[in-house]
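Reading through the structure tokens given below for one structure.
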Amino acid sequence: MNILITGNAGYLGPVLIRHLRRSLPQHRYIGFDSGYFAHVLTGASRLPETRCDVQHWGDLRDFPYDLLNGIDVVVHLAAISNDPMGQRFAAVTETINDTASRALAVEARRRGVRAFILASSCSIYGQAAGAPRSESSPLNPLTAYARSKVRMEEALQCLADDQFVVTSLRFATACGMSDRLRLDLVLNDFVACAMSSGEITILSDGTPWRPLIDVNDMSLAIEWAIRRQPGVAGPFLAVNVGKTNHQVIDLAKAVAAAIPATRISVNAAAAPDKRSYQVDFSLFQSMAPDHQPQVSLRQSIEQLRSGMQRIKFADSEFRSSDYMRLKVLERHVQTHQLTDDLRWTGVQ
Ligand SMILES: NC(=O)c1ccc[n+]([C@@H]2O[C@H](COP(=O)([O-])OP(=O)(O)OC[C@H]3O[C@@H](n4cnc5c(N)ncnc54)[C@H](O)[C@@H]3O)[C@@H](O)[C@H]2O)c1
């Protein structure tokens, strides 16, 4: 099979391609990415994208559709991929995550691609007090990012049939080590705080709930979706994928327990965090018993810690560094490398 992975030069991409090379070695992998963060590597021994058979650099908004000829499966990761970037670049987020992504799916179906996998997000449940949200719970997308994922899911639902099997994986908040590490994620941020300054500063009062999933387990779920046949759950499936729901304060305590002499400071005066939700993962548990998350919270922390030790990470100012996706995009725009609508310019 030929498998196209869009957005493969991001945080998840390098972990995914290593996983797929091990678990589905018989396939051919083609990467496609705009390279917004391609210069940000974390102690990698080789460019991660060289693990693909072919790598294309380009913008999803100008996607060369002939690349879809002969492709069997599209794994669609390319996106403006979090709330802060979505807020700063709201119109672009809609264009990339919804309009261009939808056009890719329409064309993929037309050209005989048999499966389309979307990296969606549990953030589409928004602020959700009470019982954990299941797939049949009402959606409450509060941000441009979450709204774009909802619209893309809706479009895919209309396209899916027995010849075009769609799986939307509603991922929990990612965590864990990657050749392209991000520190704009709650657990990764806490480990970076502990390693660089010995103090975890929680930006909320610590009470919000966050479901988490390690990037290795996201890859395992994508492998399951690649293998999925329409007989399992029908041509369109949207499913929550994660391991455990945690309160933010408990994540900080787990990091402090793993990294000795770490202090925790809580912002008791913080405005209530709107993004608090628990998610029910039982549908995925029942459907994919052999592809359940394997990595414990402790292991994620340990892998982050050893990965950061390897690169001698000690930057206490990391919240304005290249490990924050929004900062990277803003710097590219300020230096005129990217236009305001995030297209590369020829500026040196
Ligand atoms: N990290 C998380 O917590 C999380 C959780 C749930 C879902 N997801 C989803 O998983 C996917 C991968 O996440 P990630 O953490 O690797 O994100 P990332 O931002 O690190 O990587 C996304 C990649 O997409 C590329 N991209 C963006 N716009 C593009 C365009 N117009 N054309 C071509 N490429 C473009 C970027 O260059 C980047 O390499 C995203 O769709 C994201 O929304 C992530």
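The values are calculated or read from the model by the stated rules, or taken from the named source; none is laboratory data. This one's a predicted model, so the numbers in the text were calculated from it and none came from an experiment. As a convention, Cβ positions derive from the backbone with ideal geometry for all residues, glycine included, and neighbour counts pool all protein chains shown. SASA here: full protein model, heavy atoms, side chains in, ligands and nucleic acids out. Shrake-Rupley method; radii C 1.70, N 1.55, O 1.52, S 1.80 Å.
What the table below lists for this structure:
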quantity: Sequence of E330, E154 from largest to smallest accessible area, 1.4 Å probe; calculated: E154, E330
quantity: Reach of K243 by Cα under 12 Å, taken over aspartates and glutamates that are not fewer than 8 positions away in the same chain; calculated: D214, D217, D280
quantity: Convex hull (Cα only) mean projected area of the range 279-348, reported in nm² to one decimal; calculated: 8.8 nm²
quantity: Per residue value of the accessible surface for the chain (all protein chains in place, 1.4 Å probe), Å²; calculated: 41 Å²
quantity: Longest to shortest principal axis, alpha-carbon extents of the range 176-230, angstrom; calculated: 48, 28, 12
quantity: Packing-based order for 139-152, 101-114, using average beta carbon neighbours within 10 Å, highest first; calculated: 139-152, 101-114
quantity: Order of exposure, largest accessible area first, which applies to R170, R298, R305 with probe 1.4 Å; calculated: R298, R305, R170
quantity: P(r) of the range 1-127 over all Cα-Cα pairs, binned every 10 Å from zero, in whole percent; calculated: 12, 44, 34, 9, 0
quantity: Cut-off under 5 Å, modelled amide H: who pairs with L338 long-range; calculated: V333, T345
quantity: With every protein chain in place, the chain: carbon and sulfur % of accessible area (1.4 Å); calculated: 51 percent
quantity: Rounded to the nearest 10 Å², the accessible area of M324 at probe 1.4 Å; calculated: 30 Å²
quantity: Potential extension, D62-W344 segment - 0.36 nm per residue separation minus Cα distance; calculated: 100.3 nm
quantity: Additional length obtainable on full extension of the chain from S296 to Q163, 0.36 nm per residue less Cα span; calculated: 44.2 nm
quantity: Cα→Cβ-extended label distance, 7 Å offset, between Q334 and N140, nm; calculated: 3.6 nm
quantity: Rounded D (µm²/s) - the range 32-105, Kirkwood Rh over Cα pairs, Stokes-Einstein at 4 °C, 1.567 mPa s; calculated: 93 µm²/s
quantity: Reference-scaled alpha-carbon Rg (2.2 N^0.38 Å with N residues) for the chain; calculated: 0.95
quantity: Exposure rank, largest accessible area first [R263, R88, R343; 1.4 Å]; calculated: R263, R88, R343
quantity: The range 156-305: Cα Rg divided by the 2.2 N^0.38 Å rule of thumb; calculated: 1.18
quantity: For V279, residues with placed amide H under 5 Å, excluding near neighbours; calculated: R133
